[in-house]
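K.L.:
What follows is a structure written as structure tokens; I'll ask about it next.
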Amino acid sequence: MSPMQTPQKPAARRVFITGASSGLGEALARHYAAEGAVLGLVARREDMLQKLAASLDTECLVYALDVRDSAGLKLAAENFMARLGVPDIVIANAGISQGTLTDQSDDLPAFQAVFDTNVLGMVHSFHPFVAAMCQAGHGSLVGIASVAGLRGLPGSAAYCASKAAAISYLESLRVELDASGVCVTTLCPGFIQTPMTAENPYRMPFLIDAKTAARKMARIIESQRRYAILPWQMAIIGRIMQWLPPWAWDALTRNLKRKLRH
């Protein structure tokens, strides 16, 4: 470099986050904004998205839509890439939780909504970016699953099953993209202090705040790990959950307090 040349400032990372208006999504947005990333923020509540974007000292593109809207997400992704370029990180964080019982006909729409949001919403979030990221040969697709996807819990059939499906979907996608240079990371958090968990009527061991969770997740994403349960205490519990035989799991969980139905 000659004395007259000045070093070029590295390009800001581009991060696209769904479910960004509150809770973990908001915490992730704030974390990456503090690192100087430019953001694409997706959520249903436009007023909360706009308020978040205005509070961040970085460029933010706001897309008020539901992740069940595949056409809307495709347009949002195309707009993001046209204005900011191919993302370095896409985080499919949007999700809903609701107590459900199979024998209750009133809960059938809830089953539909939970699966459409937590599983198909993740597919919709990744789909518009995959070809462009593969062509670029780098980047991370990150899916927020849950420890609840490791085993079924009474009263939480829709949520547990949707998160189990998300874990399997992410594993399939990871292998499909193995040679592309695009990393697929499955994150299975335990309990995070968010508006969604505030309604839980039971004790939540190893509860962590959203800011701490976002920091830990960002570190995992940066290291390009394929799969992680967090925090570490929940990772130990998760392994035990997977090892227990069905009869032991049934005995352990049949009397647990159940997630609230709406």
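The values are calculated or read from the model by the stated rules, or taken from the named source; none is laboratory data. Owing to the predicted nature of the structure, the values given are computational and were not obtained by experimental measurement. So basically every Cβ, Gly included, is an ideal-geometry build from the backbone, and we count neighbours across all protein chains shown.
K.L.:
Where the second residue is of a type in the set (S, T, N, Q) and at pLDDT below 95 and the first is under 16 Å from Gly238 (Cα atoms) and lies in the stretch 152-167, which pairs have Cβ atoms under 8 Å and are six or more apart or on separate chains?
P.N.:
Qualifying pairs under 8 Å: Leu153/Thr253.
K.L.:
Can we say Gln224 is among the polar types (S, T, N, Q), loosely packed, with under 15 Cβ neighbours inside 10 Å and either without any contact (Cβ under 8 Å) to a residue 60 or more places away in the chain or in a loop (DSSP other than H, G, I, E, B) (or both)?
P.N.:
yes
K.L.:
Kindly provide the set of residues from the stretch 108-134 that are of a type outside the set (A, V, I, L, M, F, W, C) and either touching a strand residue (DSSP E or B) at 6+ places or on another chain (Cβ under 9 Å) or touching a residue at least 40 places away in the same chain (Cβ under 8 Å) (or both), ordered by number.
P.N.:
Hits for the stretch 108-134 are Asp116, Thr117, Asn118, Gly121, His124, Ser125, His127, Pro128.
K.L.:
Right, Leu101: under 27 Å from Thr197 (Cα atoms) and surrounded by fewer than 23 Cβ atoms within 10 Å (Cβ to Cβ) or not?
P.N.:
On the way: under 27 Å from Thr197 (Cα atoms): yes; surrounded by fewer than 23 Cβ atoms within 10 Å (Cβ to Cβ): yes.
So Leu101 fits the description; yes.
Here is a yes/no grid of residues against (1) out of contact with any strand residue (DSSP E or B) (no Cβ under 9 Å at 6 or more places or on another chain); (2) of a type in the set (Lys, Arg); (3) assigned to a helix (DSSP H, G or I):
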| site | (1), (2), (3) |
| --- | --- |
| Met217 | no, no, yes |
| Ile237 | no, no, yes |
| Gln242 | yes, no, yes |
| Ala248 | yes, no, yes |
| Ala251 | yes, no, yes |
| Lys257 | yes, yes, no |
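K.L.:
Further question: Count, please, the residues in the stretch 135-151 that happen to be buried (at least 17 other Cβ atoms within 10 Å of the Cβ) and without any contact (Cβ under 8 Å) to a residue 60 or more places away in the chain.
P.N.:
Here the count works out to 7.
K.L.:
Whether any residue in the stretch 20-32 is part of a helix (DSSP H, G or I), over 18 Å from the mean Cα position of the chain (by Cα) and among the hydrophobic types (A, V, I, L, M, F, W, C) is what I want to check.
P.N.:
Looking only at the stretch 20-32, we keep the residues that are part of a helix (DSSP H, G or I), and these are 23-32.
With the extra rule that they be over 18 Å from the mean Cα position of the chain (by Cα), the set shrinks to none.
No; the residues of the stretch 20-32 include none that is part of a helix (DSSP H, G or I), over 18 Å from the mean Cα position of the chain (by Cα) and among the hydrophobic types (A, V, I, L, M, F, W, C).
K.L.:
A follow-up question, please. Which residue is modelled with the lowest pLDDT, if the candidates are limited to the stretch 207-262 and must be of a type in the set (Lys, Arg) and more than 16 Å from Phe191 (Cβ to Cβ)?
P.N.:
For the stretch 207-262, the residue satisfying everything is Arg261.
K.L.:
Which one is farthest from Leu49 (Cα to Cα), of the residues in the stretch 69-97 that are outside any strand (DSSP E or B) and among the β-branched types (Val, Ile, Thr)?
P.N.:
Applying the first criterion (outside any strand (DSSP E or B)) to the stretch 69-97 yields 69-88, 93-97.
Among the residues that remain, those that are also among the β-branched types (Val, Ile, Thr) are: 86, 96.
Working: Val86: 22, Ile96: 17 Å.
Once the filter is applied, the top-ranked residue is Val86.
K.L.:
Then there is this: Somewhere in the stretch 117-139, is a residue modelled with pLDDT of 95 or more and either acidic (Asp, Glu) or touching a His at 6+ places or on another chain (Cβ under 8 Å) (or both)?
P.N.:
No.
Listed here are the residues, each with its yes/no results for (1) of a type in the set (Phe, Trp, Tyr); (2) within 28 Å of Pro154 (Cα to Cα); (3) surrounded by 15 or more Cβ atoms within 10 Å (Cβ to Cβ).
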residue: Leu170; (1), (2), (3): no, yes, yes
residue: Leu173; (1), (2), (3): no, no, yes
residue: Val182; (1), (2), (3): no, no, yes
residue: Tyr202; (1), (2), (3): yes, yes, no
residue: Ala214; (1), (2), (3): no, no, yes
residue: Ile236; (1), (2), (3): no, yes, no
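K.L.:
Does Asp66 meet the test of being of a type in the set (D, E, K, R), under 18 Å from the mean Cα position of the chain (by Cα), under 23 Å from Leu141 (Cα atoms) and in a helix (DSSP H, G or I)?
P.N.:
Values: of a type in the set (D, E, K, R): yes; under 18 Å from the mean Cα position of the chain (by Cα): yes; under 23 Å from Leu141 (Cα atoms): yes; in a helix (DSSP H, G or I): no.
In short, no.
K.L.:
Looking only at the stretch 122-134, count every residue that is under 14 Å from the mean Cα position of the chain (by Cα) and either over 21 Å from Ala218 (Cα atoms) or surrounded by fewer than 17 Cβ atoms within 10 Å (Cβ to Cβ) (or both) and tell me the total. Spell out the reasoning first.
P.N.:
Taking the stretch 122-134 as the starting set, the residues that turn out to be under 14 Å from the mean Cα position of the chain (by Cα) are 122-126.
After this cut, where a residue has to be either over 21 Å from Ala218 (Cα atoms) or surrounded by fewer than 17 Cβ atoms within 10 Å (Cβ to Cβ) (or both) as well, the list is 123-124.
Of the residues in the stretch 122-134, 2 are under 14 Å from the mean Cα position of the chain (by Cα) and either over 21 Å from Ala218 (Cα atoms) or surrounded by fewer than 17 Cβ atoms within 10 Å (Cβ to Cβ) (or both).
K.L.:
Of all residues in the stretch 175-214, which are farther than 26 Å from Arg261 by Cα, among the polar types (S, T, N, Q) and in a helix (DSSP H, G or I)?
P.N.:
Thr212
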